[in-house]
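Data block below; observations after.
The values are calculated or read from the model by the stated rules, or taken from the named source; none is laboratory data. Quick caveat: nothing in here was measured; it's all calculated off a predicted structure. Ideal geometry is used to build each Cβ from the backbone, glycine not excepted, and the neighbour counts take in all protein chains shown. These area figures cover heavy atoms from the full protein model, side chains too; ligands, DNA and RNA do not enter into them. Shrake-Rupley method; radii C 1.70, N 1.55, O 1.52, S 1.80 Å.
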Amino acid sequence: MTTSEIQFDVPADPVVEGPVLQVEDLHVSFPSEAGRVQAVRGLSYHVSPGEVLGIVGESGSGKSVSSLAVMGLLPSSARITGSIKFQGRELIGRGDSELSKIRGRRISMVFQDPLSALTPVYTVGDQIAEAILVHRKGAVSKAAAAKRAVELLDLVGIPNAAERAKAFPHEFSGGMRQRAVIAMAIANDPDLIIADEPTTALDVTVQAQVLQLLETAQEVTGAGIVIITHDLGVVAGFADRLMVMYAGRAVEKGKVDEIYQQPRMPYTLGLLGSIPRLDVGEKQALVPITGQPPSLTDLPPGCPFAPRCPMVVDACHTAEPPLIEVDGSDEHHAACIRTGEIAATDAEGAEAAAEIFGAEVVEEPEIAKVPREQRDIVLGLDHVVKEYAVNKGVVFKRRVGTVHAVAGITFDIREGETLGLVGESGCGKTTTLMEILGLEKPMGGEISVLGTNVSSLDSKRRFEIRRDMSVVFQDPMASLDPRLTINDVIAEPMQVHGYSKDAINRRVPELMRLVGLRPEQLSRYPGEFSGGQRQRIGIARALALEPKLVVLDEPVSALDVSIQAGVINLLEELKSKLGLAYLFVAHDLSVVRHIADRVAVMYLGKIVEIGEVDSVFDAPRHPYTQALLSAIPIPDPVKERQRERILLTGDLPSPANPPSGCRFRTRCFLHASLPPEKQRTCIELEPPREVQAPDHEAACHFAQIRQVL
Amino acid sequence: MAGFLLRRLVNYVVLALVATFLAFTLASATFDPIGVLQQRNPPPPAASIEAKKRDLHLDQPIPQRFVTWMSGVVQGDFGRTITDRPITDELGRRIGVSLRLFLLGITIGILFGVLLGVVSAIRQYKFSDYFATLFSFILLSTPVFVLGTLLKMGAQGINDSIGSNVLIFVGEETPGFQGNWFEHLGDRLQHLIVPTLTIALGQIAYYSRYQRSSMLDVLGSDFLRTAQAKGLTRRKALFKHGLRTALIPMATLFAFGFGLLVVGGTFTERIFGWFGMGDWLVTGISAQDTNITATVTLFVAVCVLFSGWLADVLYAALDPRIRVN
Ligand SMILES: Nc1ncnc2c1ncn2[C@@H]1O[C@H](COP(=O)(O)OP(=O)(O)OP(=O)(O)O)[C@@H](O)[C@H]1O
Ligand code: SF4
Ligand code: SF4
Ligand SMILES: [Mg+2]
């Protein structure tokens, strides 16, 4: 990106010595029916000019609340004490009008959900221009601000910026909106940028673009950055220092490398150990952190992590451990009374975590020893096609186009095997699933389940076959009926299939135990369970009829990493115990590498690469796979800094109007580097799927290995 | 966009026709004007009853009568009343009387309703919010004639305490009033205040409830936070970004609000002795007069549907997401 030529016409800031932001003993509490919620409890940190501080922690740990306190954007019901000094000036106690002069001018903020972050009724250009005008009334004309807004949009990588500035937010994709928000954030050359989970809602390829953009923004403005995340991967390559938060407090702080290599607090260890690694080929033991974060209304004395800590001893319950220096480093602090013992173990990082938490690699199922070709095919798709008509008009609908959602895909899943289906949102993953679950004759091609072609099924057979196939959805809350007890939820499929009352009453508690829940909880309602537990309930329900194939649609993407690890482990155990086959749809490639035996990469309704996981991940042949893989951050600061990113430009083209020849060519970096006559091949000929290695196919005319991990 | 609005307009015209046809049919089928005539004492001669029957086209089937009446309407002739006066004579004046009342009432209702709703939302769970909530619920559950009567009593009280008849609540002007146009205007204003208030209060209560909830939705929104993060003060962000967005769902309400108003207006007109369209409808029904009933229905339908169409225009103007497609 050519960024440096854009000049910031802001008078040079007075040089301030010391940190841009200094937070001391910050406390924030909210009134609630159950008593005061102590959301932040004695938080201290600082950010130096030009420095990137990462704040990591589970949902509810107080990351957002503490940052909103800095911005002065907490609701008036919040009680805030302590000190927040920005460039030496105290912010706590200042009124809204005073703070509004600093907000957006000196400190700016990027929020998590770009879809709702922009006002729907004003153009993107106007909203960016407003950020400039509000601070420089009179000094900058409206026209100049509008021009500047276009420059900023261009700077954040929106193509055709002058035109796009006139668009309304709903005409922008999520990634583009986040860029627009970042444009706003840097419009006044701030000294501090706070980014609250800026990439959580985005696709991996877009996440990589946005992170890159934040780095650029930091270079251009020289601002200090606070980046909040729950994903340790995201900040590994970007942050200089890291602060881990738990229950409203910092429990570990230090330089990024220190924390990733020598974590000294069990919670940090757990967090590190719970992330599946994209770069680890052999089976890895994932650390689930059991239990839930404590309620912040009345914390018991002692270490708040104690109920979940594998190292807990009696002394932990006496007093809350303070942050103390560890390893003799004056930068590295941890709040645990047993840091010394952790330091004494030989293992480092995630391995130490597995050791301390006692996590083990889940065993392979028996059937995995049988060569793939000799196992039965559970699900087979052969050139399956699904198209949607695009209609226009309210009264008289007329067809104006066709969305080629799934454009001829072929794969099979064999007994005891997991196939991961990955790709950006909108590439047709869900449509594929729906086609399979519908058990109807597809528009084109063939689907067969357990050797039976679904188009030949009568309704009775179709009903029977449904027993062999079940599904778990992404959102555990939305997929469970809130008015049914857990017992009813799990029993429902069995009732439908005419199981006897006795059989059901025997089976339900059994299923509960199978997914790691207590049968005593059967009479409760879904609302009383946490996200991870609800997902377990969803799995129990899916297993009720003893299926052979379970279709999982993003089963862990709505969960916190520590909870996610538990669910992944459970899925692996079940597969091994029950000999299940999984079709695992996910956008998180690290999870797929961990759980899948084979992976299929989809792009715009087609499979561009498919094969055995290690072969595809270690030696990807298709440029799209390479780009996807390179976009995934690895929770290892050293590796991460050395990695070279392949940044895909732009967004997914519309599936109503896919590019000719190779569908990926509009974003293909390899294509762009080819001589014109070779480029013509990509434009004119659709690349066929060709065998690249044993059990590894890719569809690219110029397929070549490129290692990206 | 213009095409869309045009199509909607055509839809609405069709709807207005259907509504009028139904009213006409219902009135024709149930009214018995000849029966009324025959019960007069002394009964009119048979010849004039026959003539009346012919005049009223009672020999024709109802749909045909409707077509006859409608073809007159298209040419500006709404037929004659049962007392044999052309409807057109009175129509203009009555429409003027009603619209003066309704338009003023609704304008005040919308303005203050929106304002009250916003204040209520911003000060949620504070005293002013509770007060506004109570005020609205009481008003919404009070029948118009009770409210009108109460306001009359209040106005009487005020007049008594000042010692002069400032607030006049009978009729729309003083009969036989002499004076220049300015004095005329003053006289009409004196008549206008209490009835307008009767209408506006209900409207304020109605709009403020909806505005409050739509504003509350917006208050917790991310974009409002973004606006503040840019450096807008809370107040400015609330009005420029919050209120502007919270107005969108209100657009559709305006149409229904107007419908409610026209119905409620009947009572208001009767209470204050205004000879407007509502009053006319009551007169028409009690005289078993199909033409008056159909004319007033047509007027109401046109009003409601026009305001529906206006709501469409407003909606499109407020929400860019609609505008594009
Ligand atoms: N306006 C509020 N009123 C009452 N409680 C609140 C309010 N905002 C936040 N809290 C509480 O404060 C605690 C910390 O919340 P916070 O949003 O900072 O968590 P977080 O670390 O940002 O989590 P996430 O990863 O989900 O964004 C939570 O228990 C939350 O319920
Ligand atoms: S203080 Fe005790 S309970 Fe807390 S993290 Fe350390 S070992 Fe675990
Ligand atoms: S065929 Fe051409 S455009 Fe398609 S992926 Fe290969 S190089 Fe890129
Ligand atoms: Mg948060």
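At-a-glance table
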quantity	calculated
Alpha-carbon Rg with Dmax, taken over the stretch A:21-239, Å	17.3, 53
The stretch A:344-379: GluC sites (Glu not before Pro) in DSSP loop, at most 15 other beta carbons within 10 Å	A:348, A:360, A:363
Semi-axis lengths, Å, the stretch B:236-325, gyration tensor of Cα atoms, sqrt of 5 times eigenvalues	36, 16, 6
Cα pair distances of the stretch B:94-288 binned at 5 Å [whole percent]	1, 7, 14, 16, 15, 14, 11, 8, 6, 4, 2, 1, 0, 0
Value of Rg to Rh for the stretch A:609-709 (Rh from inverse mean 1/r over Cα pairs, i.e. Kirkwood)	0.99
Beta bridge orientation in the stretch A:21-239: antiparallel %, DSSP, nearest 5	55
Positive-end residue, the protein assembly as shown charge dipole about Cα centroid, Cβ charges, pick of A:530, A:214, B:164	B:164
Principal axis dimensions, largest first and in whole angstrom, of the protein assembly as shown by Cα	117, 76, 70
Placed amide H near residue A:246: partners under 5 Å, 5+ positions off or other chain	A:251
Options A:465, B:214, B:306, ranked by Cα towards positive dipole end of the protein assembly as shown, top entry (Cβ charges)	B:306
Check: the stretch A:558-630 dipole with +1 on Lys, Arg Cβ and -1 on Asp, Glu Cβ, in debye	200
Kyte-Doolittle mean at least -1.0 and Cα axial length at least 30 Å: DSSP H helices in chain B	B:2-30, B:87-122, B:181-219, B:248-272, B:290-318
Minimum 30 Å² accessible area buried by the other protein chains, the stretch B:285-325 residues, probe 1.4 Å, relative to alone	B:320, B:321, B:324
Over 31 Å between alpha carbons, listed pairs A:441/A:548; A:166/B:236; A:85/A:639	A:85/A:639
Taking all pairs of distinct alpha-carbon atoms in chain B, Kirkwood radius in angstrom	22.7
Accessible area buried at the A-B interface, both sides summed, 1.4 Å probe (Å², nearest 100)	2300
Distance histogram for the stretch A:243-314 (every C-alpha pair counted, 5 angstrom bins, percent rounded to whole numbers)	3, 14, 23, 23, 18, 11, 5, 2, 1
³J(HN,Hα) computed for each position of the stretch A:309-319 - Karplus, 6.51 cos²θ - 1.76 cosθ + 1.60, integer Hz, glycine/proline x	8, x, 9, 4, 10, 4, 4, 5, 8, 6, 9
Share of carbon and sulfur in the accessible heavy-atom surface of the protein assembly as shown [1.4 Å probe, %]	57
Solvent-accessible area per residue for the protein assembly as shown (1.4 angstrom probe, square angstrom)	44
Size of charge dipole - the stretch A:260-357 - debye, nearest 20, with Cβ of Lys, Arg +1 and Asp, Glu -1, no other charges	380
Chain B: relative contact order as a whole-number percent, Cα under 8 Å and 6+ apart	28
Student exercise, chain A dipole from Lys, Arg, Asp, Glu Cβ charges, in Debye to nearest 20	2340
Tail beyond 19 Å, pair distance distribution of the stretch A:431-495 (Cα, percent)	44
Value of [θ]222 nm, deg cm²/dmol, for chain A, DSSP H segments ≥ 4, -39500 (n - 2.57) each, nearest 500	-9000 deg cm²/dmol
Amide H contacts under 5 Å for residue A:414, placed H, 5+ residues apart	A:378
Threshold 40 Å², the stretch A:118-132 residues less accessible with all protein chains present than alone (1.4 Å probe)	A:119, A:120, A:121, A:122, A:130
For chain B, the longest site-free run once chymotrypsin sites (Phe, Trp or Tyr not before Pro) in DSSP loop states with at most 13 other Cβ atoms within 10 Å are removed	B:178-325
Radius of gyration, Dmax [the stretch A:459-617; alpha carbons; angstrom]	16.2, 49
Rounded FRET efficiency, nearest 0.05, which uses the C-beta distance separating residue A:314 from residue A:695 and R0 of 45 Å	0.25
Relative contact order computed over the stretch A:21-239 (Cα-Cα under 8 Å; 6+ residues apart), in percent	26
